Each structure stands twice: as structure tokens, then as C-alpha cells.
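Here the structure is laid out as C-alpha cells; the discussion comes afterwards.
Please treat every number below as a calculation from the coordinates, not as lab data. Note that the structure is a prediction, hence the values are computed from the model and not measured. No Cβ is skipped: glycine too gets one built from the backbone with ideal geometry, and neighbour counts run over all protein chains shown.
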Amino acid sequence: MIHEAMFYEKLRDNEVRCSLCSHRCKITAGKRGICGVRENCEGSLFSLVYGSVASEGIAHIEQKPLYHYFPGSLAYSVGTVGCNFRCRHCQNWRLSQTTLEEAHVATLSPYQLVQQAKMMGCQSVSWTYNEPTVWYEYSYEGAKLAKDAGLGTSYVTNGYITPEALEHIAPYLDAFSVDIKAFTEEFYREVCSAKLAPVLETTKLAKKLGVHVEVVNLIIPTRNDSPDELRELSRWVYENLGKDTPLHFNRFHPHYKMKDLPPTSVKTLDQARAIALEEGMRFVYVGNVPGHPHENTFCPECGTLLIARGFFEVQEYNITPEKTCPKCGELIPIVGEYPGH
């Protein structure tokens, strides 16, 4: 569905400058931006995917991953096609790297999206699967309606949204699961065709604006797994987002254009977690390793098991209604209520 874009300016000779993401594409008439879904039509910029849903489903919020935001709740999850990154290891490349003309999409208005979420018993709506920024207009309208309906909202994002676009949606956006893919500009340039610095600035801004932030780092053997880099990332999260920010180190599996690399060893993931704890982080998780003990939440003071998880589901929840550890009384930074209470 075609819909006039937000966040662009008109230039000479029917060119436009998109200011939705940090590429800030300059687009000539008849062409599209890097995302592939925003087109210059005779000097005006249009989103080609407003309401065009390529994937939808009900998911546990832990799958985002969001571990400290309404644990155990369900999120109505939607994605479209297109992306402003070109990650060589993308797990959802059939959506993110396809063209609109090749995709199979269904139309779902923002109102219908919210009604679907409520009908299915979900507590929130999540824009995920591909980069949510590229259908900003749709997610913005949907987020406003979701908040009016008493639902939560989340972005599962690469963090490349511009400050002005993030500030505009922040009042209606509750949670931000941001993938900091590595901690070097070289990785971002070679693997993602993007830059690291804007991601860091956006993530800091999301925190400042009061959005709940959780950081994800997919550890890829030989590409972003050095102890020094993991330490730099952990230190940055500690200094800029705070020690209670959930930090997820996830296991890489060979996919898309990176099938020549092995899966991440559990030893490397455990080492990453140990480094983050050394740097002062209090809630560090290991992901994509079913049954790993550190997909659970433990009290950082006394070690009591607070939330037990398995296959992205909460199996045990021991935090008090006052959000404290039942054994030592330590305050646990969880947003929202557990549906089981």
C-alpha cells in the first residue's frame, strides 16, 4: 500500500532526501532508497509497504529477545519486506533482502493489527522479522493505536533510525531490542554495509527518552568474538545504558552468505558473559543455546533463581509483586507485570 513518507525533504530537480534512517539517502525521481521500499515519485517520497505484512504471528516476548519487559507475555509480531542493512548473516534474508515485487504480502491496517493482537490475547505488538524502521509510518500509527488500546509496543531493530524519527515515535514505543552487531566500524562496513556510530547514538537516545532497552550481540566466530571487543562492548553498555541493562550474547549459526563459518562455541558465549560481569553488568544472558542455565534470570546479589526459561517460555517466576528478590529483597528492574501473577 502506497503512503506518503514521513521525514524527508524535497530538493532540486525532483530529488528528495530521506531522513528516516542514518543512511539519509538522496533519491532521484523514480528511484528507491537503500531499504528498497521508499520511492521518489515525481519529487515526493512514498512508503510502498504501509500495511503490507509479509510475516505475522504470536510470539513470547522472550523471543525478541526482551527478558525484562512483561516476562511471560505474548507479542503480536509483524514484519514486512526490505531493510537498510545488508547483513551477510541475516536470518530473515528472505524478507529483508527481497523486493516488494517478489514478496507475498497481505494488507493489515493499523487498526486491524491492534484488533488482531487483542483478539489473540496478546499483551503487546512487536515490529520485527525485518527492520521496523523501513515501515515507520505504519508502525507509528499502529503504536499510537496500540497504546490507546492498552497494549505495549516494541521494536526489534538494528538501531539505525535517526534521532528525529526516534524522538517522534518514542512516546508510543515501550521497548527497544537493539542488535549491536559488533563493536568495530570495520565489521559494520564489511558485513552490514552500515556504520556503528549511529547505532550507538540511537541506543543512548532511546534510553534517554525512557524506552526500555535491551542489547543483543550475535557473536560470530573470527568476526566479532575477540575478548577485547567483547570487553569494549560491555564497558560501553555499562557506561552509557547502565549496569541493569539486559545484555544478550547470542549464538551464531551459519546462514545466508556466511555458511563457511562454524556455530559459536558455548565456551566463547560463556567467556563473553564472564567479561560483561567483570565490567559490572548485572543481567547478562546467553541465547540460542537451548537449556543453557544463563537464559535464566538470577538475583545479582544473592544468586537466587528469579525467572526460569525454556524454549523462550517462562517456566518459573519468583520475583515478588514489589519487583524484589524473595530471598534478599534486592530490587529487580523488570518492566510490567508477569501475566501469571
* Structure fact -> Calculated from DSSP helices alone, with each H run of at least 4 adding -39500 (n - 2.57) and the total divided by the residues of the chain, [θ]222 nm to the nearest 500 comes to -6500 deg cm²/dmol
* Asked: Of the listed peptides 99-106, 46-53, 276-283, 4-11, what is their order by residue-averaged count of other C-beta atoms within 10 Å, with the highest listed first?
  -> 46-53, 276-283, 4-11, 99-106
* **Theoretical FRET efficiency, 1/(1+(r/R0)^6), r = Cβ-Cβ of Val266 and Cys41, R0 45 Å, to 0.05** => 0.35
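Quick one: which of 300-311, 81-92 comes out on top by average Cβ neighbours within 10 Å, and what's the full order, highest first?
Order by mean packing, descending: 81-92, 300-311.
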* Quote the relative contact order of the chain in percent (integer), defining contacts as alpha-carbon pairs under 8 Å separated by 6+ residues. => 14
* Too-long pairs where the Cα-Cα distance tops 22 Å, listed order kept, from Lys181/Lys204; Lys26/Lys64; Lys208/Lys243; Lys195/Lys257; Lys64/Lys207 -> Lys26/Lys64
* Asked: Rounded if a/c is under 1.5, else prolate if a/b is larger than b/c, else oblate: which is segment 189-299, with a ≥ b ≥ c the root eigenvalues of its Cα gyration tensor?
  -> oblate
* Fully extended, how many nm does the chain gain between Thr304 and Arg94 (0.36 nm per residue separation, minus their Cα-Cα distance)? -> 71.4 nm
* Starting with the highest mean, order 113-120, 265-272 by the number of other Cβ atoms within 10 Å, averaged over the residues of each peptide. => 113-120, 265-272
* Difference of contour (0.36 nm per residue) and Cα-Cα distance, Ser226 to Lys327 -> 32.7 nm
